Amino acid sequence: MASVLTNPDKLIMGLTQRQDYSELLQKFRRSYVVTGSGCWEWTGSMLPKGYGRFYVGHKALRAHRLAFFLAKGRLPNSTDHLCRNRKCVNDEHLEDVDNRTNTLRGTSVPAENSRKQCCKYGHPFSIRNRKHGTSRLCRICERQRMLKARVR
């Protein structure tokens, strides 16, 4: 099983210097279908987390990163799928962002928590109401827990 390259600069740059580039482009274009939503859904090999995998020789690349390279001429730091479809390789649906931005735009637990405006009891997550060292622990709730513990 080939490893997936997350930074395949040398491999791709080497291909752009040779005749293999047109073959690579043709093979890539045969590996997706255009959907009604405008996504170019990858139909080739897939990674376990739902991203497309594209082989160049014995090396595997993430298909959406290769799509970004083919369209923009450079590899992205971290690619955000604006359409939220991991199979999509449409370069218009891909944006080069840092890892933090990519995570916070998603639907993961950290992303969902970052969007919360108040604790589960309705107290606001303002700067003054956050416990020091964390952005998700409410001072009011912490104070109430401490008072209950003292009463016992």
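At-a-glance table
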| quantity | calculated |
| --- | --- |
| Long-range neighbours under 8 Å by Cβ, at least six apart or interchain, first residue surrounded by 13 or more Cβ atoms within 10 Å (Cβ to Cβ) within region 105-125, second of a type in the set (Gly, Ala, Ser) | Arg105/Ala111; Phe125/Ser135 |
| Among residues of region 1-37, those that are assigned to a strand (DSSP E or B), at pLDDT below 95 and loosely packed, with under 11 Cβ neighbours inside 10 Å, counted | 0 |
| Region 126-141, subset farther than 27 Å from Arg84 by Cβ and loosely packed, with under 12 Cβ neighbours inside 10 Å, residue modelled with the lowest pLDDT | Thr134 |
| Tally, over region 38-58, of residues that are closer than 13 Å to Leu24 by Cα and either surrounded by fewer than 16 Cβ atoms within 10 Å (Cβ to Cβ) or not aliphatic (A, V, I, L, M) (or both) | 3 |
| Extreme residue, modelled with the lowest pLDDT, among residues of region 93-103 that are in contact with a helix residue (DSSP H, G or I) (Cβ under 8 Å, 6 or more places away or on another chain) and surrounded by fewer than 17 Cβ atoms within 10 Å (Cβ to Cβ) | Thr103 |
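The values are calculated or read from the model by the stated rules, or taken from the named source; none is laboratory data. Because the structure is a prediction, the values reported are computed rather than measured. With ideal geometry, Cβ positions are generated from the backbone for all residues, glycine too; neighbour counts draw on all protein chains shown.
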